[in-house]
Amino acid sequence: MRRIPWWRDAVVYEVYVRSFADSDGNGEGDLQGIRSRLGHLRDLGVDALWLTPFYPSPLADGGYDVADYRDVDPRFGTLHDFDALVSDAHDHGIRLIVDIVPNHSSDRHRWFREALAAPPGAPARSRYVFRPGKPGERSGEEGPPNDWPSAFGGPAWTRLDDGEWYLHLYAPEQPDFNWRDPEVRHEFEDVLRFWLDRGVDGFRIDVAAGLFKDESFHDLGGQNRRVLNGPMYSRPEVHEVYRKWRQILDEYDGERMAIGEVWTDGPEDLALYLRPDELHQVFQFDLQLAPWSATAFRDVIVAALKAVAPIGAAPTWVLSSHDSIRHVTRYEQPVSVPGIGLARARAALLMLLALPGSAYLYQGEELGLPEVTDLPGEARQDPIWKRTNGELAGRDGCRVPLPWSGSAEPFGFSPDRVRPWLPMPERWAPLTAEAQAADPSSMLTWYRDALGLRRRLRDDLPDDLEWLDSPDTTLFFSRGPLTCALNCGENPVRPPAGTPLLTSTPLYGDLLPGNAAAWLTGP
Ligand code: BGC
């Protein structure tokens, strides 16, 4: 019998649906493709999948622009496919979390079309954020209602021909909802129930701190434009929404949960979302932002644990996602040392999995995939790339489809001769799941071994950890019978006493080499 709710120490695997597996040959991944690869995920040893949005969408932002919250985009399958996926995943012992996008819809959503068709001031406009423009101080010429920037570049407002402006914290194709309109609340409560009734185990809430904007709509002025507790994020009203969502989740059996994508200025602010009657978890992104440094990792871990401790919430850890540069590449400094990114990624996994709480993995990290930095401009689709005119590369480089088998594109991602929606590098031939499955020294084998061992140990691991003294450039900690030693330096160090259970690089005599980690047990 497991002693705690499943999500408190789960390993959750993020499936970027469009890039996971393409069953119907349109060059984009789909729900049937995921179904066909459940064996890979079971063998990997994950507890749950988080699916990125698969709802009808023009894909102005990879599906985070939802046109209909209660259906499946035909390119990704049907509701019937979804039901079959839930059922098969559960048969494989894998839970399913879906992404919910409440801050904004697509501009093709029925409500936004109605809003555009209605005149300024009409009730149909009150579901979104419309405002009159503001005369410029010097020119007198009308400009946006305030100076808020879009996260993807340019202003957060777009003007309509009738003179009103609408708010979009992301792309213009993603108008922000007005959460002060009760219809918006009711709609999302109903959407949650729609997916819960279909058997999902939880939700990942996109831009969870957005939703409410300060009613004064004041300029940011000199304020840091990325300020996360400013007028656009973490308004107090947002917590009422999550209290209601928690009640809905609790009405269902089977430990349904919600994890919020919450960016705040400090870890303490995160805790507000984790009060016992709100969200079960929030993403704690600081590990993903930290450089390869034992001091940096330790600081992040201490702060993350401190943030959740007073409320007894479970921390979450993440190294890569569909929004960030893959960590194998992030850790590849200095570039002159071949394989250093992979060695560090192997070691980082042991740190991640030894920590209390749950680990969120991103598809392809089990294959050691690097970021694809040389995608041609014409292939790139991220609105960040488009809206900054190529000044920022955007996130396509971590979204390249997964290589499953074979020696050339599409590497089993799509049926033969189909071109995947993003080109796959020929140099990925040795990285396919097929090539790695039979290789005891591969990244895939490493992930399976580490996840398998964690599964066997986890019921004996206490919620807290104990730091052990360790030399500079290293961090050592224990959780009950498990000790984790990470050496971020270049020189071998003596690990703490104990019998090695798993090491990311073979020990050097009885020393732990640089850029390596070990799990040990007992003195
Ligand atoms: C998602 C991104 C998306 C943005 C807007 C994020 O937090 O993870 O992929 O572009 O929200 O929906």
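The values are calculated or read from the model by the stated rules, or taken from the named source; none is laboratory data. None of the values given here were measured: they were computed from a predicted structure. We place every Cβ from the backbone using ideal geometry, glycine too, and count neighbours over all the protein chains shown.
In the range 134-179, which residues are within 14 Å of the ligand (Cβ to nearest atom), in a strand (DSSP E or B) and touching a Ser or Thr at 6+ places or on another chain (Cβ under 8 Å)?
Selection gives F177 alone.
Looking at E141, E114, E137, which one is of a type in the set (D, E), assigned by TED's automatic domain parsing to the domain that holds R159 and at pLDDT 95 or above?
E114
With the condition kept exactly as written, say whether any residue in the range 265-274 is at pLDDT 95 or above, under 21 Å from L49 (Cα atoms) and not assigned by TED's automatic domain parsing to the domain that holds P132.
no
Just one of (1) part of a loop (DSSP other than H, G, I, E, B); (2) touching a residue at least 60 places away in the same chain (Cβ under 8 Å) trips up W50, so point out which.
(1)
Look at the range 138-155 and say how many of its residues are surrounded by 17 or more Cβ atoms within 10 Å (Cβ to Cβ), touching a residue at least 40 places away in the same chain (Cβ under 8 Å) and closer than 10 Å to P172 by Cβ.
Selection size over the range 138-155: 2.
Assigned to a helix (DSSP H, G or I), over 28 Å from the mean Cα position of the chain (by Cα) and either away from the ligand (no atom under 16 Å from the Cβ) or within 23 Å of V241 (Cα to Cα) (or both): is that true of R131 in this structure?
No.
Checking L319 against (1) away from the ligand (no atom under 16 Å from the Cβ); (2) buried (at least 22 other Cβ atoms within 10 Å of the Cβ): exactly one of these is not met. Which one?
So L319 meets the others, but not (1).
If H109 passes every condition in (1) buried (at least 21 other Cβ atoms within 10 Å of the Cβ); (2) more than 16 Å from the ligand (Cβ to nearest atom) but one, which one does it miss?
The number of the failed condition is (2).
Going residue by residue through the range 77-94, is there one that turns out to be in the same structural domain as F203 (by TED's automatic domain parsing) and farther than 15 Å from G199 by Cα?
There is at least one residue in the range 77-94 that is in the same structural domain as F203 (by TED's automatic domain parsing) and farther than 15 Å from G199 by Cα.
What single numbered condition from (1) surrounded by fewer than 21 Cβ atoms within 10 Å (Cβ to Cβ); (2) outside any loop (DSSP other than H, G, I, E, B) fails to hold for I97?
So I97 meets the others, but not (1).
How many residues are exposed (fewer than 15 other Cβ atoms within 10 Å of the Cβ), hydrophobic (A, V, I, L, M, F, W, C) and in a loop (DSSP other than H, G, I, E, B) if we restrict to the range 430-470?
The total comes to 1.
If you scan the range 308-335, which residues turn out to be of a type outside the set (V, I, T), out of contact with any Leu (no Cβ under 8 Å at 6 or more places or on another chain), closer than 22 Å to R399 by Cβ and assigned to a helix (DSSP H, G or I)?
The answer is R330, and nothing else.
Answer yes if at least one residue in the range 326-336 is within 16 Å of the ligand (Cβ to nearest atom) and under 19 Å from the mean Cα position of the chain (by Cα), and no otherwise.
So far as the range 326-336 goes, yes, one or more of its residues are within 16 Å of the ligand (Cβ to nearest atom) and under 19 Å from the mean Cα position of the chain (by Cα).
Being assigned to a loop (DSSP other than H, G, I, E, B), within 16 Å of the ligand (Cβ to nearest atom), not hydroxyl-bearing (S, T, Y) and not assigned by TED's automatic domain parsing to the domain that holds G221 is the requirement here; does P120 meet it?
No; evaluated as a whole, the condition is false for this residue.
Residues are listed down the side, and each one gets a yes or a no for (1) touching a residue at least 40 places away in the same chain (Cβ under 8 Å); (2) of a type outside the set (F, W, Y); (3) within 16 Å of the ligand (Cβ to nearest atom); (4) on the phi < 0 side of the Ramachandran plot:
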{"position": "G25", "(1), (2), (3), (4)": "yes, yes, no, no"}
{"position": "Q32", "(1), (2), (3), (4)": "yes, yes, no, yes"}
{"position": "A60", "(1), (2), (3), (4)": "yes, yes, yes, yes"}
{"position": "Y64", "(1), (2), (3), (4)": "yes, no, yes, yes"}
{"position": "Y69", "(1), (2), (3), (4)": "yes, no, yes, yes"}
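When the residues of the range 425-463 are narrowed to those that are among the small types (G, A, S) and modelled with pLDDT of 95 or more, which ends up farthest from R479 (Cα to Cα)?
Step by step, filter the range 425-463, then rank; the result is A429.
Given the residues D83, D88, D43, which is the only one that is away from the ligand (no atom under 14 Å from the Cβ), in contact with a Gly (Cβ under 9 Å, 6 or more places away or on another chain) and either of a type in the set (G, A, S) or assigned to a helix (DSSP H, G or I) (or both)?
Criteria check complete, one pass: D83.
Hey, among D219, D250, D265, D214, which residue is of a type outside the set (F, W, Y) and closer than 29 Å to R95 by Cα?
Criteria check complete, one pass: D250.
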